[in-house]
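Chemist: What follows is a single structure, and I will ask about it in a moment.
The values are calculated or read from the model by the stated rules, or taken from the named source; none is laboratory data. Just so you know, these numbers come straight off a predicted model, no measurement behind them. Because the Cβ atoms are built from the backbone with ideal geometry, glycine has one as well, and the counts that use them run over all protein chains shown.
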Ligand code: 13P
Ligand code: SF4
């Protein structure tokens, strides 16, 4: 029996479902689709896991995604392909130091990105993903709230600039998006003058400034689908190309340039932790029930508050995606795109 078939059988036998992020290997994404699981951004992964009837969730992504699933579904078993698969934003934001940072600003509310540990989420008032961060901060700013933001400094700067909110920022970064280079992107645009530039907001400001569209992974995909342009330069993990190519076989996607080639490149637009997800490991955890994610109950209860605020907010609002750059002709698209 082929491996895909075997995993499908194991998923059925165990009443398990596979929830994969767009950055995982195409084989994993196609298996998730073929077995009634989901392939999504981190916001939708959280929603899908919470609403799933399965008893076991196999989360193919990184540790914080598994923890989010556990926080929202304490009665489900959450298994991950590799417990070492983490995220530079999570690593760069230890809870003790972050908590001390927050203590310096008692008059501010704490908004953290989902790419954090359960403990950091428990310290926060709000948890957000890139699909909804802008809308939530805009709403908080409208209520006169001042904000502590962590951990991604590029996303924090982008949100502060777009919303005008008063934000103090933790100085973390994603090692994948931080590698996109503004100068090389300028050259790339000259070589592909008809292409639109799509950028994930974890990228540096000089890269975001060149974007025709800025958004989360799912928003980038939806934008490309809705656009009548057929060439795109994309600044995010190249794993997203599987879904883009599948949905838009006649369009061309070019990866935005990173710092160097092969040995001189730190990430080559591929998250090393996402790459730790393999079919072999998924088969193994389904056969051995290993790699279970656990979250201490007092942390889980506290962390759930900020995540539920985000989910409730997203359920009651349509998400307006903010563009940067000269996009007036595509402005109407933003309103059509709707919730991520
Ligand atoms: P999304 O929320 O857009 O899926 O991003 C998660 C992530 O880790 C981006 O690097
Ligand atoms: Fe974290 Fe960046 Fe990897 Fe996303 S791509 S999981 S932000 S290191």
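Chemist: If I go through the range 1-29 residue by residue, how many of them are in contact (Cβ under 8 Å) with a residue 40 or more places away in the chain, assigned to a helix (DSSP H, G or I) and surrounded by fewer than 22 Cβ atoms within 10 Å (Cβ to Cβ)?
Modeler: First, pick out the residues of the range 1-29 that are in contact (Cβ under 8 Å) with a residue 40 or more places away in the chain: 3-4, 6-7, 10-11, 14-29.
Next cut, assigned to a helix (DSSP H, G or I) only: 3-4, 6-7, 10-11, 26-29.
From what's left, surrounded by fewer than 22 Cβ atoms within 10 Å (Cβ to Cβ): 3-4, 6, 10, 26-27.
The total comes to 6.
Chemist: Scan the range 282-315 for residues that are more than 22 Å from residue 81 (Cβ to Cβ) and not in a helix (DSSP H, G or I) and report the count.
Modeler: Qualifying residue count, the range 282-315: 1.
Chemist: State yes or no: is residue 67 in a helix (DSSP H, G or I), over 18 Å from residue 240 (Cα atoms) and touching a residue at least 24 places away in the same chain (Cβ under 8 Å)?
Modeler: yes
Chemist: Something else now. For the range 202-220, which residues satisfy the criterion of being surrounded by fewer than 23 Cβ atoms within 10 Å (Cβ to Cβ) and more than 16 Å from ligand 2 (Cβ to nearest atom)?
Modeler: Once the filter is applied, which keeps residues that are surrounded by fewer than 23 Cβ atoms within 10 Å (Cβ to Cβ) and more than 16 Å from ligand 2 (Cβ to nearest atom), the range 202-220 yields 205, 206, 209, 210, 212.
Chemist: Of (1) under 25 Å from the mean Cα position of the chain (by Cα); (2) free of Cβ contacts under 8 Å to residues at least 40 places away in the same chain, residue 42 satisfies all except one. Which?
Modeler: Unmet for residue 42, out of (1) under 25 Å from the mean Cα position of the chain (by Cα); (2) free of Cβ contacts under 8 Å to residues at least 40 places away in the same chain: (2).
Chemist: Which residues, counting only those in the range 91-101, are surrounded by fewer than 22 Cβ atoms within 10 Å (Cβ to Cβ) and assigned to a helix (DSSP H, G or I)?
Modeler: 91, 95, 96, 97, 99, 100, 101
Chemist: Could you check the range 152-266 for strands (runs of 3 or more DSSP E) lying wholly inside it with 1 or more residues that are within 13 Å of ligand 1 (Cβ to nearest atom), at pLDDT 95 or above and within 22 Å of the chain's Cα centre (by Cα)?
Modeler: 196-199, 231-235
Chemist: Now a separate question. May I ask you to list the residues in the range 70-82 that are within 18 Å of residue 276 (Cβ to Cβ) and part of a loop (DSSP other than H, G, I, E, B)?
Modeler: 81, 82
Chemist: For the range 158-177, how many residues are within 15 Å of ligand 2 (Cβ to nearest atom) and buried (at least 21 other Cβ atoms within 10 Å of the Cβ)?
Modeler: 6
Chemist: Can you tell me how many residues within the range 102-120 are touching a strand residue (DSSP E or B) at 6+ places or on another chain (Cβ under 7 Å), more than 15 Å from ligand 2 (Cβ to nearest atom) and either under 18 Å from residue 66 (Cα atoms) or outside any loop (DSSP other than H, G, I, E, B) (or both)?
Modeler: Selection size over the range 102-120: 4.
Chemist: Please identify the pairs in which a residue from the range 219-233 that is more than 13 Å from residue 195 (Cβ to Cβ) has its Cβ atom under 8 Å from the Cβ atom of a residue that is outside any helix (DSSP H, G or I) and away from ligand 1 (no atom under 16 Å from the Cβ), counting only partners at least 6 apart or on another chain.
Modeler: Close Cβ pairs satisfying both conditions: 225/248.
Chemist: If I ask for residues that are more than 16 Å from ligand 1 (Cβ to nearest atom) and either assigned to a loop (DSSP other than H, G, I, E, B) or surrounded by 24 or more Cβ atoms within 10 Å (Cβ to Cβ) (or both), which ones from the range 38-59 would you list?
Modeler: Hits for the range 38-59 are 52, 53, 54, 55, 57, 58.
Chemist: Taking the range 15-44 on its own, how many of its residues are modelled with pLDDT of 95 or more and touching a helix residue (DSSP H, G or I) at 6+ places or on another chain (Cβ under 6 Å)?
Modeler: 13
Chemist: Take the residues in the range 124-145 that are in contact (Cβ under 8 Å) with a residue 40 or more places away in the chain and part of a loop (DSSP other than H, G, I, E, B); name whichever of them is surrounded by the most Cβ atoms within 10 Å (Cβ to Cβ).
Modeler: By that ranking, first place goes to 130.
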